[in-house]
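Enquirer: To start, I am sharing the structure in question, which I have written as structure tokens.
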Amino acid sequence: MGPYSDLIFQMSLHLIQLPILTDNYAYLAVCSQTKACAVVDPGESDSVLEALDHHKFTPSLYLITHHHGDHVDGLSSLVARYPAPVYGSQFDLERHQIPHQTFGLRENDTVALGISSFSVIETPGHTLGHICFTWSDGIFSGDTLFAGGCGRLFEGDASMMYMSLQKIAALSDHTLIYCGHEYTDSNLAFAHTLEPNNSTLNQKISDVKTKRAKNISTIPTTLKEEKSYNPFLRAHVPELIHSVQKLFEIKNPKDPTLVFEATRLLKDQF
Ligand SMILES: [Zn+2]
């Protein structure tokens, strides 16, 4: 079983997950009717070119969640071989932060891929111009929402990131979360320090350990699952609030943004 055997049928979209660099995921999203192909967050080019050759796909467009090198560094080589429009946020376009970017996207903008299309959610926090791409039953969440965690606050602040995560949380519970990194194991270890009695979390930890021991991806998860153990979607849960308060003074523990902020700070030190 090679890394490209993981072809997942998603209504009219095929998704191919590409493990790249140390722990990143790039993706190919392919319209099953027209074979139009989107390359998502190519942090390097070699693995992506190999997958494109293997499947005989030609990119119709590139989708970029944010400007960090581990999401864009493959663009130059890819665009040289397969010229196609590069979509990222309007914010990143104005600051020339994404190489070869041709289109700037804002909230609710759509990008067509064959008979499918992606809708844009602006999710500032990890970076100020971070966006996520959603479709009928999934989301490319980049470095905003991870399985069991969320991105670090490199450019934005806690209230921004909290709002961004709440936007994602408002999607259907069945939404499949395709994030930018395989961080699930360490994220869940942190979650366990805050909710040691969460049985769903404990079962998930065990499942993830089994998968990772066999080098199997833990992505995608579902939004429903994430709501049951991801501490960054659980700022309202009494056990979590209690645990965070033992480690960090929160002015108003009924304010989920403050609980989220304290949780994020604790994770930074974990
Ligand atoms: Zn990043």
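Enquirer: Please find, among PHE248, PHE270, the residue that is open to solvent by 50 Å² or more (accessible area, probe 1.4 Å) and farther than 26 Å from ASN24 by Cβ.
Expert: Being open to solvent by 50 Å² or more (accessible area, probe 1.4 Å) and farther than 26 Å from ASN24 by Cβ holds for just one of PHE248, PHE270, which is PHE248.
Enquirer: Since GLY138 meets every condition but one in (1) of a type outside the set (D, E, K, R); (2) surrounded by fewer than 24 Cβ atoms within 10 Å (Cβ to Cβ); (3) away from the ligand (no atom under 15 Å from the Cβ), which condition does it not meet?
Expert: (2)
Enquirer: Does region 252-260 contain any residue that is in contact with a strand residue (DSSP E or B) (Cβ under 8 Å, 6 or more places away or on another chain), open to solvent by 10 Å² or more (accessible area, probe 1.4 Å) and not basic (Lys, Arg)?
Expert: No, because not a single residue in region 252-260 is in contact with a strand residue (DSSP E or B) (Cβ under 8 Å, 6 or more places away or on another chain), open to solvent by 10 Å² or more (accessible area, probe 1.4 Å) and not basic (Lys, Arg).
Enquirer: Which condition from (1) more than 17 Å from MET161 (Cα to Cα); (2) under 18 Å from the mean Cα position of the chain (by Cα); (3) of a type in the set (Asp, Glu) is the one that GLU122 breaks?
Expert: GLU122 satisfies all of (1) more than 17 Å from MET161 (Cα to Cα); (2) under 18 Å from the mean Cα position of the chain (by Cα); (3) of a type in the set (Asp, Glu) except (1).
Enquirer: Name, by its number, the condition in (1) under 16 Å from PRO220 (Cβ atoms); (2) surrounded by fewer than 16 Cβ atoms within 10 Å (Cβ to Cβ); (3) within 16 Å of the ligand (Cβ to nearest atom); (4) not acidic (Asp, Glu) that does not hold for PHE154.
Expert: (1)
Enquirer: I've got another one for you. Could you run through region 141-151 and say how many residues are β-branched (Val, Ile, Thr) and either more than 13 Å from the ligand (Cβ to nearest atom) or out of contact with any helix residue (DSSP H, G or I) (no Cβ under 8 Å at 6 or more places or on another chain) (or both)?
Expert: Residues that pass the stated criteria total 0.
Enquirer: Right, next: Search region 59-95 for residues being hydrophobic (A, V, I, L, M, F, W, C) and within 14 Å of the ligand (Cβ to nearest atom), and hand back the single one that is surrounded by the most Cβ atoms within 10 Å (Cβ to Cβ).
Expert: Per the criteria, the residue is ILE64.
Enquirer: Please verify whether region 124-134 includes one or more residues that are open to solvent by 50 Å² or more (accessible area, probe 1.4 Å) and within 16 Å of the ligand (Cβ to nearest atom).
Expert: Looking through region 124-134, at least one residue is open to solvent by 50 Å² or more (accessible area, probe 1.4 Å) and within 16 Å of the ligand (Cβ to nearest atom).
The values are calculated or read from the model by the stated rules, or taken from the named source; none is laboratory data. Bear in mind the structure is a predicted one, so any value in this text is a computation, not a measurement. Quick reminder, even Gly has a Cβ in these numbers, built from the backbone with ideal geometry, and neighbours come from all protein chains shown. We work out accessible area using only protein heavy atoms, side chains counted, and drop any ligands, DNA or RNA first. Shrake-Rupley method; radii C 1.70, N 1.55, O 1.52, S 1.80 Å.
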